[in-house]
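One structure is given below, encoded as structure tokens.
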Amino acid sequence: AQTVTQSQPEMSVQEAETVTLSCTYDTSENNYYLFWYKQPPSRQMILVIRQEAYKQQNATENRFSVNFQKAAKSFSLKISDSQLGDTAMYFCAFMKPGGANSKLTFGKGITLSVRP
Amino acid sequence: NAGVTQTPKFQVLKTGQSMTLQCAQDMNHEYMSWYRQDPGMGLRLIHYSVGAGITDQGEVPNGYNVSRSTTEDFPLRLLSAAPSQTSVYFCASSYRSAGNTIYFGEGSWLTVV
């Protein structure tokens, strides 16, 4: 079974600064997908970024980028130029390809606060 | 385009009562699933379906039933509500191919007293 670990329960960052959220996972699979989801106070689950394990290039979406270290089983999210709207809970998630596509394994989440 | 629609958004139940959380998607997705979110626990998979007529258990299935009679609908039934089922429930759907974007509903807040 796969496990996803987010060891930092809370983080805080000053507006316009950069922050990195950590995530590690454990799997025996060689091919898989990793995700970061954002959950603002509205509780809506919003996909931030996705990484395919067979791609060595780190995924980037505007101010969001990942540092994917496959050998270390690490998948951190970097938020550049933090904005007040980035205040939310962030979840790291793992998906094994094949079988039930919707089967995500989530970490426990990290609460990010952006200070004005 | 409505996406994934969950009803009701809020519900209070008494212990022992039964109810159904409704989930519908209009994207013709093959896969649908239900998660629950508890404080400090992240989201955990309850049940999932890979297509109409096919369902399977996830990580925390006890106390819940599901069915998938159509591609669009995937209701979650609480058979005899317990306080431990107080949670926020999310329905999700996606296309079959691995790694496709998973779309979540807005969540249903359930309190069992």
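The values are calculated or read from the model by the stated rules, or taken from the named source; none is laboratory data. Small disclaimer: the values here were computed from a predicted structure and weren't measured. Note: ideal-geometry Cβ built from the backbone for every residue, glycine included; neighbour counts use all protein chains shown. Keep in mind that these areas ignore ligands, DNA and RNA; they rest on the heavy atoms of the full protein, side chains included. Shrake-Rupley method; radii C 1.70, N 1.55, O 1.52, S 1.80 Å.
Computed values, structure above
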read-out	value
Residue match in region B:85-92 (condition: β-branched (Val, Ile, Thr), open to solvent by 40 Å² or more (accessible area, probe 1.4 Å) and within 12 Å of chain A (Cβ to nearest Cβ))	no
Odd one out for B:Gln17 among (1) under 20 Å from B:Gly107 (Cβ atoms); (2) surrounded by fewer than 18 Cβ atoms within 10 Å (Cβ to Cβ)	(1)
Qualifying strands (runs of 3 or more DSSP E) (wholly inside region A:1-69; at least 2 residues being open to solvent by less than 80 Å² (accessible area, probe 1.4 Å), modelled with pLDDT of 90 or more and within 18 Å of A:Ile79 (Cβ to Cβ))	A:10-14, A:19-21, A:33-39, A:46-52, A:64-69
Only one of B:Ser33, B:Ser49 that is in contact with a His (Cβ under 8 Å, 6 or more places away or on another chain), closer than 18 Å to B:Tyr95 by Cβ, touching a residue at least 24 places away in the same chain (Cβ under 8 Å) and not β-branched (Val, Ile, Thr)	B:Ser33
Yes/no for B:Gly53 being away from chain A (no Cβ under 11 Å) and either at pLDDT below 95 or more than 19 Å from A:Phe94 (Cβ to Cβ) (or both)	yes
Members of region B:1-37 that are within 15 Å of B:Ala81 (Cβ to Cβ) and either hydroxyl-bearing (Ser, Thr, Tyr) or in a strand (DSSP E or B) (or both)	B:Phe10, B:Gln11, B:Val12, B:Leu13, B:Thr15, B:Ser18, B:Met19, B:Thr20, B:Leu21, B:Arg36
Subset of region B:52-81 (residues that are touching a residue at least 40 places away in the same chain (Cβ under 8 Å), more than 12 Å from the chain's Cα centre (by Cα) and either within 19 Å of B:Gly107 (Cα to Cα) or not in a loop (DSSP other than H, G, I, E, B) (or both))	B:Glu72, B:Ala81
